[in-house]
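Okay, so here's the structure we're looking at.
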Amino acid sequence: MTNQSSDFGGYLDILVDFTVYGLIPVGVTAGSPTQGRWIMCGIMLTSFFVNSAGLFMLSSLIEKNKHVSLKYKDELQKKKEQDRVKELTSAKMPPALMEGFESMVLFGLIILFPDYQVAWYSIFSAGVTVTILQRVNWAKQ
């Protein structure tokens, strides 16, 4: 790791992230398709779309409103101190339940235990819905 970030790097990172977020569940479901699995896969992917739209709009608003950005920086600094992890990011994002680590764990479970994909998709969808609500609440403040 170079301990650096760039706008282009952040852009490529999010493109790769969302490509993977779409391909893993579609690939796993295509490997053993049933109507129920496709429906839950679709619901989960829909939660991803809603979360993404909200996240990127909120990120844009944070940049637009510097006073909100200052409030966010304070919250992010508290989270960083709690986690003791330094993170470089191109887009400001309020912390929430489902982030990168949680997504990696659930995608790993989906790949390792595909017979339970409906349960994993349900858990993932519920977690992303909580994340959406957390960020809606954060944006409202």
Task: residue 86, sole failed condition from (1) at pLDDT 85 or above; (2) outside any helix (DSSP H, G or I); (3) within 24 Å of residue 7 (Cβ to Cβ) - done: (1)
Task: One residue from 39, 111, 43 being modelled with pLDDT of 95 or more, under 20 Å from residue 131 (Cα atoms), surrounded by 12 or more Cβ atoms within 10 Å (Cβ to Cβ) and not small (Gly, Ala, Ser) - done: 43
Task: Subset of segment 1-40 [part of a helix (DSSP H, G or I), out of contact with any Pro (no Cβ under 9 Å at 6 or more places or on another chain) and of a type in the set (S, T, N, Q)] - done: 19, 35
- [ ] Return the pairs, sorted by first residue and then second, in which the second residue is surrounded by 13 or more Cβ atoms within 10 Å (Cβ to Cβ), the first residue lies in segment 4-16 and is more than 22 Å from residue 103 (Cα to Cα), the beta carbons are less than 8 Å apart, and the residues are 6+ apart or on different chains.
- [x] 6/90; 7/90
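The values are calculated or read from the model by the stated rules, or taken from the named source; none is laboratory data. Here the structure is a predicted model, which is why all the values come from computation and not from measurement. Neighbour counts are summed over all protein chains in view; Cβ atoms, including those assigned to glycine, are modelled from backbone coordinates with ideal geometry.
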